[in-house]
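Here the structure is laid out as structure tokens; the discussion comes afterwards.
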Amino acid sequence: MPTTVQRRHRALATVVATVLGAALAGCSAGDSADDKNTLVVSTFPFGSKELTKAVIEPFEKKTGYKVKLDTGSNSDRLTRLQLAGGDPGVDVMLISDYYAALGQSKGLFQPVQAKDVPNLKKLRDFAVDDKYAGPAYTYQLNGTLYRTDKLDAKAAADWSVYGDKKYAKKTALPDISVTAGQLTVSGIGNVYGSGPFDIDKAYGKLGSWAPNTLQFYTSSTEVTNLLTQGEIVAAPGISAFATQLIESGEPVSWVAPAKGKYMATNRMMIPKGAKNQKAANEFIDYYLSVEAQTKAAEVIGDMPVNPDAKVPDALGKVAGKAATDPVAAGYETLDPGPVVEGRDEWVDRFAREVSSK
């Protein structure tokens with residue numbers, strides 16, 4: 001008669017066989033003709049409903065493809081891709097520029113080419129950058145969110161407001177882990193040091209401001225709550241944070257820095273080993289079209305990279321000229337090479353030299 005241990009082993013073997021059988025069945029199903037009409041798009045969890053309305057559903061209607069969304073944070077999705085072992089399970093990845101560059105450095109993405117995506121030739125120059133395998137589909141501008149009943153735009157546009165003792169414990173700064181974090185560090189490095197990667201000068205200045213900083217925020221919810229509740233008068237942040245606040249009538253606005261203007265991009269990447277590359281190229285081309293870029297700006301609040309797309313009044317009211325031509329408004333993107341190379345060290349140093357003070 002089998003022992004308890006033997007029975008457990010047999011039960012475990014049965015479970016493993018069942019799981020393997022299901023996995024093999026799934027692989028077989030993945031080779032079916034239906035899969036050729038299914039596109040898997042990896043994206044951010046926030047805004048996925050708006051993405052579906054603005055881009056996914058019109059694309060499906062126009063092309064006949066069925067789109068499945070795979071959502072998660074930048075880091076989680078990139079980790080899954082790295083562990084996939086050549087079978088990514090994803091055809092297109094919408095991802096922020098730093099993580100796009102990090103994935104490239106690990107050989108996870110393949111180039112998106114103009115012969116396959118004709119709309120690449122119609123975009124603003126910064127959206128098609130040789131340093132990235134895939135194009136940008138939107139961008140985020142860094143600046144200052146501020147209380148209009150406490151500050152004027154000129155004062156808020158000057159980085160020195162964060163060191164002004166008049167506003168001690170009335171300002172917040174972004175942690176380097178959020179999008180505005182690196183852009184803020186680079187802006188301060190540019191203004192007070194030798195350039196966007198003068199980390200020593202940037203951290204020295206930020207460290208001197210830290211004791212009078214109320215909080216280093218790690219989410220958009222944190223900083224918008226601090227502003228609307230009147231706990232702070234200013235904080236660096238991306239322009240997208242301000243749109244709904246301004247529309248809601250809150251005494252909050254956003255202004256670009258007088259100097260040290262940097263922007264981030266979100267990019268569309270095709271993983272190596274993507275099963276439906278034809279559909280991936282068609283999706284990217286559609287997303288970069290005037291139709292989709294205009295709708296994404298209207299529904300999602302994305303800043304368009306196709307210059308012929310219409311920018312809604314709400315975005316123009318916040319960002320002004322930078323909502324249509326950020327480069328002409330003085331904004332620059334960061335070279336991803338130094339960011340990828342230095343990021344781990346910079347994060348460690350930020351905790352020691354800035355946010356812990």
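LYS49: which aspartates and glutamates have alpha carbons under 17 Å from its alpha carbon, excluding same-chain residues fewer than 8 sequence positions away?
In chain and number order, the partners are GLU57, GLU60, ASP70, GLU298, ASP302.
Please work out the ratio of the alpha-carbon Rg of segment 115-168 to 2.2 N^0.38 Å and round it to two decimals.
Relative to the 2.2 N^0.38 Å estimate, segment 115-168 comes out at 1.89.
Report the Cα centroid-to-centroid distance between segment 46-104 and segment 237-268 in angstrom, as an integer.
So the two Cα centres are separated by 25 Å.
Using the Karplus curve 6.51 cos²θ - 1.76 cosθ + 1.60 with θ = phi - 60°, what ³J(HN,Hα) values do you get for each residue of segment 40-56, in whole Hz, with x for Gly and Pro?
9, 10, 8, 8, 6, x, 6, x, 5, 5, 5, 4, 4, 5, 7, 10, 5
Going by amide H atoms built from the backbone, whose H comes under 5 Å of the H on THR71, apart from near neighbours?
Residues meeting the criterion, in which the H sits 1.01 Å from N, are THR43.
Placing unit charges on C-beta atoms (Lys and Arg positive, Asp and Glu negative, everything else neutral), compute the dipole magnitude of the chain about its Cα centre in debye, rounded to 20.
Dipole size: approximately 560 debye.
In 10 Å bins starting at zero, report the fraction of Cα pairs in the chain per bin as a rounded %.
Answer for the chain: a P(r) of 5, 23, 29, 22, 12, 6, 3, 1, 0 percent.
Pull up the cross-link candidates among the lysines for LYS150, meaning alpha carbon to alpha carbon under 22 Å and not fewer than 8 places away within one chain.
LYS165, LYS166, LYS169, LYS170, LYS259, LYS317
In this model, which of LYS131/LYS154; LYS295/LYS321; LYS205/LYS310; LYS275/LYS321 are farther than 30 Å apart at the alpha-carbon?
LYS131/LYS154; LYS205/LYS310; LYS275/LYS321
Beta carbons within 10 angstrom, averaged per residue: use that to sort the peptides 322-330, 59-67, highest first. Write down the numbers at each step before the final one.
On the way: 322-330: 17.1, 59-67: 15.6.
The densest-packed peptide leads the list: 322-330, 59-67.
Calculate the translational D of segment 60-106 in whole µm² s⁻¹ from Stokes-Einstein, where the hydrodynamic radius comes from the Kirkwood formula applied to all Cα pairs, the temperature is 25 °C and the viscosity 0.890 mPa s.
Using the Kirkwood radius from Cα pairs, D works out to 205 µm²/s.
Rounded, prolate or oblate: which one fits segment 158-224, using the alpha carbon gyration tensor with axes a ≥ b ≥ c (rounded when a/c is under 1.5, else prolate when a/b beats b/c, else oblate)?
Numbers: a/c = 2.13, a/b = 1.22, b/c = 1.75.
Note, shape of segment 158-224 comes out oblate.
Within a 10 angstrom radius of the beta carbon, how do MET263, MET269 rank from fewest other beta carbons to most?
Placing the least packed residue first, the sequence is MET263, MET269.
For segment 264-357, I need the span (max minus min coordinate) of the C-alpha atoms along each principal axis, in Å, sorted largest to smallest.
Sorted largest first, the three principal extents are 47, 42, 22 Å.
Loop only per DSSP, at most 16 neighbouring Cβ atoms within 10 Å: give me the trypsin sites (Lys or Arg not before Pro) in segment 159-196, ordered by residue number.
Passing sites in segment 159-196 are LYS169.
FYI, it's all coordinate maths here, none of it is from the lab. It should be emphasised that the depicted structure is a prediction, and the values quoted were computed from it without experimental measurement. Here the Cβ is made from the backbone with ideal geometry for all residues, glycine too, and neighbour counts use every protein chain on show.
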